[in-house]
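Presented below is the structure to which this report refers.
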Amino acid sequence: MTRYADLADSVGNTPLVGLPSLSPGGDVRLWAKLEDRNPTGSIKDRAALQMIRAAEAEGTLRPACTILEPTSGNTGISLAMAAKLAGYHLICVMPENTSPERRQLLRMWGAEIVSSPAAGGSNQAVAIAKQLAAEHPDWVMLYQYGNPANAEAHYLGTGPEILADLPEVTHVVAGLGTTGTLMGIGRFFAENKPSVKIVAAEPRYGELVYGLRNIDEGFVPELYDAAYVTTRFSVGARDAIRRVRELLEREGIFAGLSTGAIVHAALGMAARAVKAGEAADIVVIVPDAGWKYLSTGAYNEDIDATEDFLDTQVWA
Ligand code: PMP
């Protein structure tokens, strides 16, 4: 079925494609779930829509309301799309060094931006949003880090889609940001195929990979429940860049930077399966495409992924 009532209705049901060139061979295969095929180009359309629908059902979100959200970009763009369709006003609080593409996209979809200091990263954006919400009780903060509807989107959508497309799935590897993706998929597989390993890709402590966070760095999203994660994989920013280039080179997939970290973790799990002589069908969640990161230079083949390069780039 490829006909939908409106754009919001077309969220989800993304393709799962094989990665024959990156797969180690034998009985170990990698698959990519292409979340950039969602209407605004990221996995966050799922969470945004589910959070808005849940708030409408609870009665907290009423016609013409103002929604306030701390977001580093993708959730903001998804909320802006959903808010536009439903007639809400959206204010996003985000670090001032967020990429120009993201700011432009948000403004195009009609959102207002409040900048938070770059040095404080997304943690300070969250703190400022909480303060603004306290000052404006009529504004609705959906708060993706603690909103069960964020994870529910993946419990109801992403997880079941994976199992339907690949009943033999053994691992699902996703990035850790709000943890909504991991928690929703994790709970779905715990209930429906508990043998599936749920793997979290995090940036190595002190390093930055756009969209991801290391939960040892001080802020643990309220949604997070360690019981749903089998393995946590810390990935260096340099490895993430290397893998995102490799994904394009070998499979033709132009993904965002968090995908590089997720692919690196997936290849780590694939190597373990090969070593143990086990069969594995490993699903890599591709949260978004590379367009919004072009200005970082990460795809520029003239630029080597050296520490110097990483040090001079804006990654938060
Ligand atoms: N990758 C990208 C590009 C993202 O924007 C996000 C969300 N911040 C994630 C991964 C992590 O997803 P989640 O918030 O569901 O943990």
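Some points to look at:
- Of the DSSP H helices in the chain, those with a Cα length along their own long axis of 27 Å or more and a mean Kyte-Doolittle hydropathy reaching 0.5 comprise 257-276.
- Dividing the alpha-carbon radius of gyration of segment 237-284 by the rule-of-thumb value 2.2 N^0.38 Å gives 1.18.
- Size of segment 1-110 as Cα extents on the principal axes (Å, biggest first): 55, 38, 22
- If you wrap segment 117-203 in the convex hull of its Cα atoms and look at it from every side, the mean projected area works out to 7.0 nm².
- Debye intensity ratio in log₁₀ form over the Cα atoms of segment 116-155, taken at each q of 0.22, 0.35 Å⁻¹: -0.78, -1.07
- Rounded to 5, percent antiparallel among DSSP beta bridges of the chain: 15 percent
- Sorted on the mean count of surrounding Cβ atoms within 10 Å across their residues, most packed first, peptides 173-186, 147-160 read 173-186, 147-160.
- Once divided by 2.2 N^0.38 Å, the Cα radius of gyration of segment 48-115 becomes 1.05.
- Plainly put, segment 156-231 has a radius of gyration that is 0.99 times its Kirkwood radius, both from alpha-carbon atoms, as the Rg/Rh ratio.
- Take each peptide in 257-267, 124-134, 215-225, count the other Cβ atoms within 10 Å of every residue, and average; sorted highest first, the result is 257-267, 124-134, 215-225.
- For segment 67-158: Kirkwood Rh in Å [reciprocal of mean 1/r, alpha carbons]: 13.4 Å
- Note on the chain: Cα convex hull, mean projected area over all directions, 15.7 nm².
- Count Lys and Arg as plus one, Asp and Glu as minus one, and take only other residues whose Cβ is under 13 Å from that of L132; the net charge is then -3.
- Loop-resident GluC sites (Glu not before Pro) (DSSP state other than H, G, I, E or B) in segment 154-202 with no more than 11 further Cβ atoms inside 10 Å of their Cβ: E168.
- In sequence order, segment 15-24 has phi-based couplings of x, 10, 10, x, 10, x, 7, 7, 5, x Hz under the Karplus curve 6.51 cos²θ - 1.76 cosθ + 1.60, θ = phi - 60°, and Gly or Pro positions carry x.
- Whole-number D in µm² s⁻¹ for segment 7-70, Kirkwood Cα-pair radius fed into Stokes-Einstein, 25 °C, 0.890 mPa s: 170 µm²/s
Each reported figure results from applying straightforward, stated rules to the coordinates on display, with no laboratory input. Since this is a predicted model, take the numbers as computed values, not measurements. Cβ atoms come from the backbone with ideal geometry, glycine included; neighbour counts cover every protein chain shown.
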